Amino acid sequence: TWTPGNIIEDQVAAIRAQVGDKQVLCALSGGVDSAVAAALVQKAIGDQLTCVFVDHGLLRAGEAEQVEKDYVASTGVRLVVVDAEEQFLGHLKDVTDPEQKRKIIGREFIRTFEAAARDLDAERHIEFLVQGTLYPDVVESGGGTGTANIKSHHNVGGLPDDLQFALIEPLRTLFKDEVRAIGKELGLPDEIVQRHPFPGPGLAIRIIGAVDRERLDILRHADLIAREELTAAGLDRGVWQFPVVLLADVRSVGVQGDGRTYGHPVVLRPVSSEDAMTADWSRLPYDLIAKISNRITNEVREINRVVLDVTSKPPGTIEWE
Ligand code: XMP
């Protein structure tokens, strides 16, 4: 019978057999899949694994710290953190086109990860790369594997030929809920294991308009409030994802205290879904939406209006960009 314990035991044995005494690399994204895949590999071969976390400065409040501190504390993994915020924001400056944003972020991610991989490879020759590929990813991409460059991660298009790794994909036969159960069994923090899906390009595609540090901070603050209240209402598992979107180039007139304001709107985009291919807007309780709206407009100075997205997918996508 399927238990998280059985799967872990089988995978640990398989990884040990595959890797032997060789060195292994894994890119952590902050998401569930790479976190659980790396934790499994860490359990199997410990010190032969090195993880790289490229902090592009586009994550939500607390997420980088969760990887750098809580994840390391609970797994004991060796982690190389690359602080690339300035680099990413520099390249994103004044860019408003969604596809352009994605391209830039993907390109910079590869550059940065590649440089880190090269440095590490010089120190300890790396032969394997861990990927958090799940069963639905395998089905979607037609099933091929073997020696490949990083591919299933949306943001990583491939490494150059002189950096070839064999793949370790310990989650290839699993679904998301199974991966979460394994992560829990491995002792990963709930904040990581229960995390909602989050796009690789991060908050850059939730700011409609150009991306800069100030706008990111505004969105991070509003997003944190929405997440806090969703959790307080006990509804984390009641939605698939809950993007908060900053309409950075839109302003509207409001009144706060005894003064006129001219601030930005944020959009609440809670959705229900099975697989993100289709989705419906979540019918969250009005009291919860009211609480989130009140808190955001009270606590985030730059935001004076909160709107709710009531569009299904199709025709809307989950993300606004
Ligand atoms: P859309 O917006 O297309 O999103 O309905 C479907 C799912 O994919 C996520 N998403 C991305 N994930 N890189 C990613 O890793 C991306 O560029 C990207 N764009 C969208 C989105 O959050 C949702 O779960």
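The values are calculated or read from the model by the stated rules, or taken from the named source; none is laboratory data. Quantities reported herein were computed from a predicted structural model and do not represent experimental measurements. Cβ atoms come from the backbone with ideal geometry, glycine included; neighbour counts cover every protein chain shown.
Checking GLY106, GLY57, GLY62, GLY76 one by one, the residue that is under 17 Å from the mean Cα position of the chain (by Cα), within 23 Å of GLU169 (Cα to Cα) and of a type in the set (Gly, Ala, Ser) is GLY106 and no other. Scanning the stretch 191-205 for residues that are within 6 Å of the ligand (Cβ to nearest atom) and surrounded by fewer than 20 Cβ atoms within 10 Å (Cβ to Cβ) yields PRO197, GLY200.
Name the residues in the stretch 109-141 that are over 21 Å from the mean Cα position of the chain (by Cα) and acidic (Asp, Glu), would you? Passing the criteria: ASP119, ASP121, GLU123, GLU127. Considering each residue of the stretch 188-203 in turn, at least one proves to be of a type in the set (Val, Ile, Thr) and touching a residue at least 60 places away in the same chain (Cβ under 8 Å).
The rows are residues; the columns are (1) under 25 Å from GLU140 (Cα atoms); (2) part of a loop (DSSP other than H, G, I, E, B); (3) away from the ligand (no atom under 16 Å from the Cβ).
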position: ASP275; (1), (2), (3): yes, yes, no
position: ASP280; (1), (2), (3): yes, no, no
position: LEU284; (1), (2), (3): no, yes, yes
position: LYS291; (1), (2), (3): no, no, yes
position: THR297; (1), (2), (3): no, no, yes
position: ARG301; (1), (2), (3): no, yes, yes
position: VAL306; (1), (2), (3): no, no, yes
position: VAL310; (1), (2), (3): no, yes, no
position: TRP320; (1), (2), (3): yes, yes, no
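Filtering the stretch 2-41 to residues that are among the polar types (S, T, N, Q) and either at positive phi or part of a helix (DSSP H, G or I) (or both) leaves ASN6, GLN11, GLN18, SER34.
Number of residues in the stretch 90-103 that are surrounded by fewer than 19 Cβ atoms within 10 Å (Cβ to Cβ) and either among the polar types (S, T, N, Q) or within 14 Å of the ligand (Cβ to nearest atom) (or both) equals 7. Those residues that are within 16 Å of the ligand (Cβ to nearest atom) and part of a strand (DSSP E or B), I need them from the stretch 223-254; list them, please. Matches in the stretch 223-254: GLN241, VAL244, VAL245, LEU246. The residue that is nearest to VAL245 (Cα to Cα), counting only those in the stretch 290-309 that are among the β-branched types (Val, Ile, Thr) and surrounded by 18 or more Cβ atoms within 10 Å (Cβ to Cβ), is VAL306.
A quick yes/no check of all residues on (1) exposed (fewer than 12 other Cβ atoms within 10 Å of the Cβ); (2) modelled with pLDDT of 95 or more; (3) out of contact with any helix residue (DSSP H, G or I) (no Cβ under 7 Å at 6 or more places or on another chain):
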position: ILE225; (1), (2), (3): no, yes, no
position: GLU228; (1), (2), (3): no, yes, yes
position: ALA233; (1), (2), (3): no, yes, no
position: ARG237; (1), (2), (3): yes, no, yes
position: THR261; (1), (2), (3): no, yes, yes
position: LEU268; (1), (2), (3): no, yes, no
position: ALA279; (1), (2), (3): no, yes, yes
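Taking the stretch 42-96 as the range and being in contact (Cβ under 8 Å) with a residue 24 or more places away in the chain and touching a Pro at 6+ places or on another chain (Cβ under 9 Å) as the test, the residues that pass are ALA44, HIS56, LEU58, GLN66, ASP70, TYR71, SER74. Taking every residue in the stretch 20-40 that is touching a residue at least 12 places away in the same chain (Cβ under 8 Å) and pairing it with any residue that is hydroxyl-bearing (Ser, Thr, Tyr) and in a loop (DSSP other than H, G, I, E, B), at least 6 positions away or on another chain, the pairs with Cβ-Cβ distances below 9 Å are ASP33/THR133; ALA35/SER29; ALA37/THR133.
With respect to the conditions (1) within 16 Å of the ligand (Cβ to nearest atom); (2) outside the structural domain of LYS291 (by TED's automatic domain parsing); (3) among the aliphatic types (A, V, I, L, M), VAL211 lacks only one, and its number is (2).
Number of residues in the stretch 1-54 that are out of contact with any Phe, Trp or Tyr (no Cβ under 7 Å at 6 or more places or on another chain), surrounded by fewer than 16 Cβ atoms within 10 Å (Cβ to Cβ) and among the basic types (Lys, Arg): the value is 1. Counting the residues of the stretch 136-171 that are part of a loop (DSSP other than H, G, I, E, B), at pLDDT below 95 and surrounded by 12 or more Cβ atoms within 10 Å (Cβ to Cβ) gives 17.
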